[in-house]
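Novice: Structure incoming, see below.
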Amino acid sequence: MGKLVINSYDEFAVHLGEVLGASEWLQVDQDRINLFADATLDHQWIHVDVERAKQESQYKSTIAHGYLTLSLLPYMWDQIIEVNNIKMLVNYGMDKMRFGLPVITGSRVRLVAKLHNIQNLRGISKAEIEIKIEIEGQRKPALEGIASFLYYFI
């Protein structure tokens, strides 16, 4: 399935309540986790110390930072939708975000997105997207909530 192509507020609004799509699966490996730890200065052992995690963690492995999982949202969202005729896109907010399960190193994740709400605010389209970052083989998601974006259509 290809990307959903949106060219206007009206084209977006007709998808209210619908699942917009799912991204490809993405493997979260130790290199990605280590790079995120370096970028955020969060080197907690549960994320970066493989040997200690094997011994002391209940998961017997390192796990991804919750915020690393969240930070993959733009990459995966871009696989689902292409919004044309905009002069700007702004990340507006996150609501009801819940981390359900840890992402164990080596797991694969994907985004499933549904249009929760959309409003035309004097020419600015506020889209609230129900996001669910799933872990391959798990019933419970790694992360779920609502991401809000402002699309400034031309």
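Rule-based calculations on the coordinates, nothing more; no lab input. This one's a predicted model, so the numbers in the text were calculated from it and none came from an experiment. Cβ coordinates were reconstructed from backbone atoms using ideal geometry, including for glycine residues, and neighbour counts include every protein chain displayed.
Novice: Around residue 81, which amide H atoms from residues at least 5 apart in sequence, or from another chain, sit under 5 Å from its own amide H, with H modelled in the peptide plane?
Specialist: 4
Novice: Around residue 27, under 13 Å between beta carbons, what's the net of Lys plus Arg minus Asp minus Glu among the other residues?
Specialist: Cβ neighbours under 13 Å give a net charge of -1.
Novice: Could you name the lysines in cross-link range of residue 60, using Cα to Cα under 27 Å and dropping any fewer than eight places away on the same chain?
Specialist: 132, 140
Novice: Let me ask something else about it. Within straight cross-link reach of residue 126, meaning Cα distance under 16 Å, which lysines are found once same-chain residues fewer than 8 apart are removed?
Specialist: The qualifying lysines are 87, 114.
Novice: Provide the FRET efficiency to the nearest 0.05 for the residue 75-residue 122 pair, computing r from the beta carbons and using R0 = 30 Å.
Specialist: Calculated value: 0.50.
Novice: Counting only GluC sites (Glu not before Pro) that are in a DSSP loop and have at most 12 other C-beta atoms within 10 Å, tell me the longest site-free stretch of the chain.
Specialist: The longest uninterrupted stretch comes out as 25-135.
Novice: Now, a different point. Can you figure out the FRET efficiency of residue 29 with residue 99, using R₀ = 22 Å and their beta-carbon distance, to the nearest 0.05?
Specialist: 0.65
Novice: Now for a different question. Grab the other residues whose beta carbon is less than 13 angstrom from that of residue 92, score K and R as +1, D and E as -1, and report the net.
Specialist: Around residue 92, the charge tally is -1.
Novice: Another question, then. Report the extension gain between residue 59 and residue 18 in nm, rounded to one decimal, defined as 0.36 nm multiplied by the number of residues separating them, less their alpha carbon distance.
Specialist: The residue 59-residue 18 span can extend by a further 11.3 nm.
Novice: Once you place label points 7 Å from the Cα toward the Cβ at residue 43 and residue 84, how far apart are they in nm?
Specialist: 4.8
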